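The values are calculated or read from the model by the stated rules, or taken from the named source; none is laboratory data. If you're wondering where the values come from, they're calculated on a predicted model, not measured in any experiment. Positions of Cβ are backbone-derived with ideal geometry, glycine not excepted, and every protein chain shown enters the neighbour counts. Note: accessible area is taken over every heavy atom of the protein model, side chains too, but ligands, DNA and RNA are not part of it. Shrake-Rupley method; radii C 1.70, N 1.55, O 1.52, S 1.80 Å.
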Protein chains: 2
Amino acid sequence: MTTTQFNRRNFLSASAALAGGAMAGSALLPGAANAAPAAARDKVRLGLIGTGMRGQVLLAELVRRDDVEVVALCDIEPIMLKHALGQVEKAGKPRPRTYGEDRDQKAYKRMLDAGGLDGVIIATPWEFHAPMAIAAMQAKIPVGCEVVAGITLQDHWDVLNTQLKTGTPYMLLENVCYRRDVMAALQMVRAGLFGELLHLQGGYQHDLRAVKFNSGNPAKPYGGGVEFGEKGWSEAHWRTQHSVERNGELYPSHGIGPCAMYTNINRGNRFTRINAFATKARGLHDYIVKQPGGAQHANAKVKFKLGDIVTTTLACENGETIILQHDTSLPRPYSLGFRVQGTDGLWMDLNNSIHIEGVSKPHQWDDFKAYQDKYDHPVWRKYAAQAEGAGHGGMDFFVIHAFVEALKANAPMPIDIYDAVTWSAITPLSEQSIAANFQTLDFPDFTGGQWKSRKPIFALDGKY
Amino acid sequence: MTTTQFNRRNFLSASAALAGGAMAGSALLPGAANAAPAAARDKVRLGLIGTGMRGQVLLAELVRRDDVEVVALCDIEPIMLKHALGQVEKAGKPRPRTYGEDRDQKAYKRMLDAGGLDGVIIATPWEFHAPMAIAAMQAKIPVGCEVVAGITLQDHWDVLNTQLKTGTPYMLLENVCYRRDVMAALQMVRAGLFGELLHLQGGYQHDLRAVKFNSGNPAKPYGGGVEFGEKGWSEAHWRTQHSVERNGELYPSHGIGPCAMYTNINRGNRFTRINAFATKARGLHDYIVKQPGGAQHANAKVKFKLGDIVTTTLACENGETIILQHDTSLPRPYSLGFRVQGTDGLWMDLNNSIHIEGVSKPHQWDDFKAYQDKYDHPVWRKYAAQAEGAGHGGMDFFVIHAFVEALKANAPMPIDIYDAVTWSAITPLSEQSIAANFQTLDFPDFTGGQWKSRKPIFALDGKY
């Protein structure tokens, strides 16, 4: 069996801007200044590493909260750092310390070393999540990490083992777990409306071609060109390279997060087997050559490894199956493709419909709306007005809210380290499966058997 | 690896009514009286083996045609045989010869031996399709066989090898290939509207619980009880036992037939790998215990092997992937779940929507209706009025029409032996995959390499 190992060194060397600094190998000593306090508190001092497009959306949620002080910002792209500073200023909040103007890739370590942080949010390119989270946890600074948790399977073990060793809180900032219909469906699952769960589906089906390519103009991060990597801007600068070098389910958590919550993965259940199939890769090349001047551009010769559609299937200890679909290189409407099905009925989000035995007419769909209203999650009922206008239809309010509230209360993180590595490890495992001619693999038990006794905690208290 | 071998002997012994006769093992000598004629003809003399609920629907299509004489009927259930005779009589057609009143399982062989048949349609329980088709082909009687082609993988090789050896025409009567939207989508595929195909989905998602169980009363074949097997009637008499003994994609052709036509399987393309996952089995037991008196019924103790939802994934030589979903034991609306996706867009039947780059607004669905009208297949335009009222929304008119027209013209069967065994072999292969802990398997090349040079013929001439 071939093992696909993402090579961080090669990856970085493909991007001259990012390769400016060397990756430090030595672990920091735990920073005493950042030791987690024992008692609950009303306010937290947070730092943000990565102030690009995604970081700025999260920052918007942070600066409008009274219980958060944004005390430090770090980015090695000065334009993005400046945007973020402007956001804080516009919100009338004190100017945070900044790191990275010198484009030093170790800048984030200086930020962690400086202390004075009750937590750090990581919203950098994927390949930096694991080393940054590890460094923060070693410095005893609680981590809210954007998806994904790491690149290689070993990354995931390293992040997990660091968390277990240091005890530093870690939350994966998976926002779709907080989507309004996803949370209503969770209430329905918990109320037993679907009966015993059997099969679930989710995915990331989103035409990202104008995200993966642009002109490199910082004023226009989406579309308008065929540049990526060194000459690309924002996500095109780093994300697209993953489509060149990797073939797998590159973005699993939006789909698997909700499905894992529905099926209590790591909390009475676990993934046992995983398989992935990939189509050939056509979409990104096609996109390039269809753009003005694209056919003559050097990028028309780039060979993309990522199959346009990747289908991942998982089996669970308790007998459920889950399908994930990754589809980001083709023209299509956005759809996460959720399906939640049990012995008593099913919900699908594509047609916004539901069927419940004994309620619905036999063999007929009902509109989901009445169920949405009836099973609307308490946190949505409570915070809908505040969430209005937040990123991604309000989801970003809730994911930041949950991280901040759990941090303030010294409570367990609602999407914790086991969730994070289990969901995110789907990527390297799917790469292995595809590289081995679509072979099925055992899914590692990151909990070391604790899945048998751990209990669900996500969104149970009505507060976050 | 465990090989799941369906045991026909055990299966039959579970059904006392069916086990009344022994299965003959000796092959018939080719019947000279049935030798295929060399020239086209205006009319064909057909026999029908299996005059149950499905056979009667096909018979309705046969008796209303002027180019078909139904000259022989065979069934070992006298009530069903009588129904079928009544159909012919009501249509004002001559009374056919009948076989099977004595419940002799060899009755169909006597029918084949008697000669005078230009073709035979087989609509018996699945486990009889292979031996009956083999006997008919050996007797040089062209076969129109209801789905499926066989039970075990060896069955499929046997059916194929018999066809190759005898040269007797064989068509799989897969009606969904003739569904109006499925055929419109085929026209769109052939017109290049989706660009280069990448990913397809289909399935059989149909709540069959009231088909799998009834009271055993011949007047009420659907629901109203929890009997199956010996005491069940119609499909409950035989079909349900497959859910007891087998775990796999038991009914692949409705989904894979159209997908195979879209992707030119066996005609420039082929399946290379197959994988199947199954959920636990809950639905059928749940159904039994929810019925009046069900919890106390002996069938409440039956252990069903068929996972409620079976997900099969296929890879193709040309780089496409296909997902099939089998879901027949749970409450749900009917959906074959088609998805046809290429470099330029996709169609999904669940939301009856389509997206085509350059036509649709970016990231938005369009209603499929305008496309249905524009790309309506010529055979539907031509025969829609005749098809009206035919079984399954007109599909049954077209599948019988195609078989009869090809037979009359001595033309190649539009859904031929390679299609039949390739699609139907998904069942035993999926059983093997599931039994081997969801392992991925190589897909056999039934064409012996001919897939490279064979050309598409399905529904190309505008006649059938």
Query - Residue ID - nearest to the other protein chains (Cβ to nearest Cβ), chosen from residues in segment B:425-442 that are in contact with a strand residue (DSSP E or B) (Cβ under 6 Å, 6 or more places away or on another chain) and open to solvent by less than 10 Å² (accessible area, probe 1.4 Å) - result: B:THR440
Query raised in the report: Of the residues in segment A:227-249, how many are touching a Ser or Thr at 6+ places or on another chain (Cβ under 6 Å) and assigned to a loop (DSSP other than H, G, I, E, B)?
Result: 3
Requested in this report: Test A:ASP181 against the criterion of being under 30 Å from A:LEU336 (Cα atoms) and assigned by TED's automatic domain parsing to the domain that holds A:ASN217, and give yes or no.
Outcome: yes
Requested in this report: Determine the pairs where a residue that is not assigned by TED's automatic domain parsing to the domain that holds B:ASP445, located within segment B:149-174, has a partner that is of a type in the set (Gly, Ala, Ser) and at pLDDT below 95 with Cβ atoms under 8 Å apart, the partner being 6 or more residues away or on another chain.
Outcome: B:GLY167/B:ALA36; B:THR168/B:ALA36; B:PRO169/B:ALA36
Report task. Could you list all residues from segment A:161-192 that are over 15 Å from A:SER253 (Cα atoms), assigned to a loop (DSSP other than H, G, I, E, B) and touching a helix residue (DSSP H, G or I) at 6+ places or on another chain (Cβ under 8 Å)? Result -> A:THR168, A:PRO169, A:ALA191
Query raised in the report: Among A:ALA300, A:ALA295, which is farther than 21 Å from A:SER335 by Cα, free of Cβ contacts under 8 Å to residues at least 12 places away in the same chain and away from chain B (no Cβ under 14 Å)?
Result: A:ALA295
Requested in this report: May I ask you to say which residue of A:GLY92, A:GLY116, A:GLY52 is free of Cβ contacts under 8 Å to residues at least 24 places away in the same chain and open to solvent by 10 Å² or more (accessible area, probe 1.4 Å)?
Outcome: A:GLY92
Query raised in the report: Just wondering, is there one or more residues in segment A:342-352 that are more than 7 Å from chain B (Cβ to nearest Cβ) and more than 23 Å from B:ILE309 (Cβ to Cβ)?
Result: no
Report task. List the number of the failed condition for B:GLY448; all other conditions in (1) open to solvent by 10 Å² or more (accessible area, probe 1.4 Å); (2) part of a helix (DSSP H, G or I); (3) not charged (D, E, K, R) hold. Result -> (2)
Report summary line: Note: among B:THR263, B:THR279, just one is at pLDDT 95 or above and either small (Gly, Ala, Ser) or within 23 Å of the chain's Cα centre (by Cα) (or both), namely B:THR263
Requested in this report: Return the only residue of B:LYS361, B:LYS408 being basic (Lys, Arg) and in contact with an Asp or Glu (Cβ under 7 Å, 6 or more places away or on another chain).
Outcome: B:LYS408
Report task. State which residue is modelled with the lowest pLDDT when the search covers only segment B:364-390 and only residues that are assigned to a loop (DSSP other than H, G, I, E, B) and surrounded by 13 or more Cβ atoms within 10 Å (Cβ to Cβ). Result -> B:ALA390
Report summary line: Among (1) within 13 Å of another protein chain (Cβ to nearest Cβ); (2) under 17 Å from A:TRP423 (Cα atoms), A:VAL289 falls short only on (2)
Query raised in the report: When you look at A:ASP376, is it within 30 Å of B:HIS363 (Cα to Cα), in contact (Cβ under 8 Å) with a residue 12 or more places away in the chain and out of contact with any strand residue (DSSP E or B) (no Cβ under 7 Å at 6 or more places or on another chain), yes or no?
Result: yes
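Results for (1) under 21 Å from B:GLN325 (Cβ atoms); (2) open to solvent by 30 Å² or more (accessible area, probe 1.4 Å), shown as yes or no for each residue.
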| residue | (1), (2) |
| --- | --- |
| B:GLY144 | no, no |
| B:ASP155 | no, no |
| B:VAL159 | no, no |
| B:VAL211 | yes, no |
| B:LYS231 | no, yes |
Query raised in the report: Which of the residues that make up segment A:323-334 are within 20 Å of the chain's Cα centre (by Cα) and either part of a loop (DSSP other than H, G, I, E, B) or within 9 Å of chain B (Cβ to nearest Cβ) (or both)?
Result: A:ILE323, A:GLN325, A:ASP327, A:THR328, A:SER329, A:TYR334
Report task. Report yes if some residue within segment B:196-206 is closer than 20 Å to A:PRO362 by Cβ, more than 12 Å from every other protein chain (Cβ to nearest Cβ) and free of Cβ contacts under 8 Å to residues at least 60 places away in the same chain; otherwise report no. Result -> no
Query raised in the report: Which number in (1) surrounded by fewer than 24 Cβ atoms within 10 Å (Cβ to Cβ); (2) on the phi < 0 side of the Ramachandran plot; (3) within 14 Å of chain B (Cβ to nearest Cβ); (4) not charged (D, E, K, R) marks the one condition that A:PHE277 misses?
Result: (1)
**Report entry** Residue count for segment A:292-308, restricted to those that are assigned to a loop (DSSP other than H, G, I, E, B) and buried (at least 20 other Cβ atoms within 10 Å of the Cβ)
**Finding:** 4
Query raised in the report: Is there a residue being in contact (Cβ under 8 Å) with a residue 12 or more places away in the chain, within 11 Å of chain A (Cβ to nearest Cβ), outside any strand (DSSP E or B) and of a type in the set (A, V, I, L, M) anywhere in segment B:398-409?
Result: no
Query - Criterion (within 14 Å of chain A (Cβ to nearest Cβ), closer than 23 Å to A:MET348 by Cβ and not in a helix (DSSP H, G or I)) met by exactly one of B:THR272, B:THR311 - result: B:THR311
Query - Subset of segment B:95-107 [touching a residue at least 12 places away in the same chain (Cβ under 8 Å) and closer than 20 Å to B:LEU62 by Cα] - result: B:PRO96, B:ARG97, B:THR98, B:TYR99
Query raised in the report: Going through segment A:344-363 one residue at a time, which ones are more than 13 Å from A:ALA184 (Cβ to Cβ), touching a residue at least 60 places away in the same chain (Cβ under 8 Å) and either of a type in the set (Gly, Ala, Ser) or open to solvent by less than 10 Å² (accessible area, probe 1.4 Å) (or both)?
Result: A:GLY345, A:LEU346, A:ILE356
**Report entry** Residue check, B:GLY319 small (Gly, Ala, Ser), in contact with a strand residue (DSSP E or B) (Cβ under 9 Å, 6 or more places away or on another chain) and more than 7 Å from every other protein chain (Cβ to nearest Cβ)
**Finding:** no
Requested in this report: From B:GLN201, B:GLN154, B:GLN187, grab the single residue that is in contact with a strand residue (DSSP E or B) (Cβ under 7 Å, 6 or more places away or on another chain) and modelled with pLDDT of 95 or more.
Outcome: B:GLN201
Report task. May I ask you to list the residues in segment B:36-71 that are β-branched (Val, Ile, Thr), closer than 15 Å to B:ILE141 by Cβ and assigned to a loop (DSSP other than H, G, I, E, B)? Result -> none
Query raised in the report: Quick one: would you say A:LEU81 is open to solvent by less than 20 Å² (accessible area, probe 1.4 Å), in contact with an Asp or Glu (Cβ under 7 Å, 6 or more places away or on another chain) and over 18 Å from A:HIS242 (Cβ atoms)?
Result: yes
